[in-house]
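Take a look at the structure set out below.
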Amino acid sequence: WFQIDLPESVTKRGIHSLSTFYISKHCVWVVVTGGARDDGVLVTDPYITMIVELVHTPDNQWCVGNIMDSNDIGKKDQYQKRLFDRLIEGRGDNQIMELRLALPQIVEMRLPLPNSDSSSTSRVSDNSREKDRQIDELTHQLRESEESRQEVSQRLEHVRREAQQERNQQQRDIQEKDRLLHLQEVEIRRVKESTQELQKSDNYQKETILKLEQNSQNIERRKCFHDLLKKPPESKDVFHLVRQNMSADWHVLGGQLNVGMNFREGLRRESLNNEIKLEKVLIEWIGNETSDVTWEVIIKALEACRRRDVAKKITKYLEEQDTYDKYIGFDDFTPFSL
């Protein structure tokens, strides 16, 4: 809907008649006749009949063109000229202009002439037939022009439909390409996610295998360690591990190793340093056939002497031996760092 401003001579009236005439697709005439003003007074000349011209502009708006009142309508030439001008603008046919120029003369020629003799009547009849022929020819040309205009309009509409169909097809092709591209992106994301899951699973399997291998190695080492605990040590090996920390406690350690009291009391009376006394106690313990001589016994004896630090030193040394066969003693390996 468009709101168009009109003069009060058109709008400020009621109980009137209103007609619209389609001149062309760009022009409509609105004819307002009779009626009374808002105050009840009848409309008088020159506003009894008003013609309002509504024009459609290129910017898709409707506006008011010419406004003709009763005086303008009474001027026949001006009224006809305005009507034919709008027809020409709407139809775009030059034949309409020719018809408008020729129509008054042709109509005048078709009227019978009064008080004419037979010869004049014959000439008038011939002229009338000629004018009728011209009218028929112009009418035919006008009809052909209208048909040609309609044909051009149909062709134009056909081209527009084909162009619209092509645009619609292009739009559908673009949408289909977008859909396929979206599906490809979804598939790529799915493959990436699957690859990541597989990678995680592979990493988890590798970590599990590594842990199992480590556990297997630990089990093997523990087995080796337990085997070493049951192995009888050499006196010199034990002496190298405990001499720095247990020389002063040689008498107590000997008691925990079940070395005889007489032997220990004899050593006490001898004027020897503590390291020599410790070494003699270890030799006595290892050489006693009735005693249980193993690494496990010496470790438990040190723990009983409240020397867990020395017991841990021996335990660490035994745990560092990878296999039972690698235990070679201090003849080839002497851990001075201990």
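The phi-based Karplus calculation (6.51 cos²θ - 1.76 cosθ + 1.60; θ = phi - 60°) puts the 3J(HN,Hα) values of the range 173-181 at 4, 5, 5, 5, 5, 4, 5, 5, 4 Hz, whole numbers, x for Gly and Pro. Sequentially through the range 150-167, phi angles give Karplus couplings (6.51, -1.76, 1.60; θ = phi - 60°) of 5, 5, 4, 5, 5, 4, 4, 5, 5, 4, 4, 4, 5, 4, 5, 4, 5, 5 Hz, Gly and Pro residues having no value and appearing as x.
For C27, the residues whose modelled amide H falls within less than 5 Å of its own, excluding neighbours fewer than 5 places apart on the same chain, are H56. Accessible surface for D173 stands near 70 Å², nearest 10, in the context of the full protein assembly shown (1.4 Å probe).
Taking all protein chains together and rolling a 1.4 Å probe, H158 ends up with roughly 80 Å² accessible. Taking the protein heavy atoms of the range 225-296 in the context of the full set of protein chains, the accessible area attributed to carbon and sulfur is 43 percent at 1.4 Å. Computed 3J(HN,Hα) for the range 290-296, one whole-Hz value per residue from the Karplus formula 6.51 cos²θ - 1.76 cosθ + 1.60 where θ = phi - 60°, is 7, 8, 7, 9, 9, 4, 4, glycine and proline marked x.
Of R155, R243, R37, the order by accessible heavy-atom surface (1.4 Å probe, DNA, RNA and ligands excluded), from most exposed downward, is R155, R37, R243.
What is the count of Lys pairs in the range 217-323 whose alpha carbons sit under 18 Å apart, if the two are 8 or more places apart or on different chains? Taking the range 217-323 as the scope, the lysine pair count is 18.
Taking a point 7 Å out from the Cα of V252 in the direction of its Cβ, the residues of the range 281-315 whose backbone N falls within less than 14 Å of it are 301-311. Looking at the range 182-235, the pairs of alpha carbons with a distance over 17 Å make up 64% of the total.
Normalised by 2.2 N^0.38 Å, where N is the number of residues, the alpha-carbon radius of gyration of the range 206-248 equals 1.82.
The values are calculated or read from the model by the stated rules, or taken from the named source; none is laboratory data. Everything quoted here is computed from the prediction, not taken from an experiment. Note: ideal-geometry Cβ built from the backbone for every residue, glycine included; neighbour counts use all protein chains shown. For accessibility, only protein heavy atoms count, side chains too; no ligands or nucleic acids. Shrake-Rupley method; radii C 1.70, N 1.55, O 1.52, S 1.80 Å.
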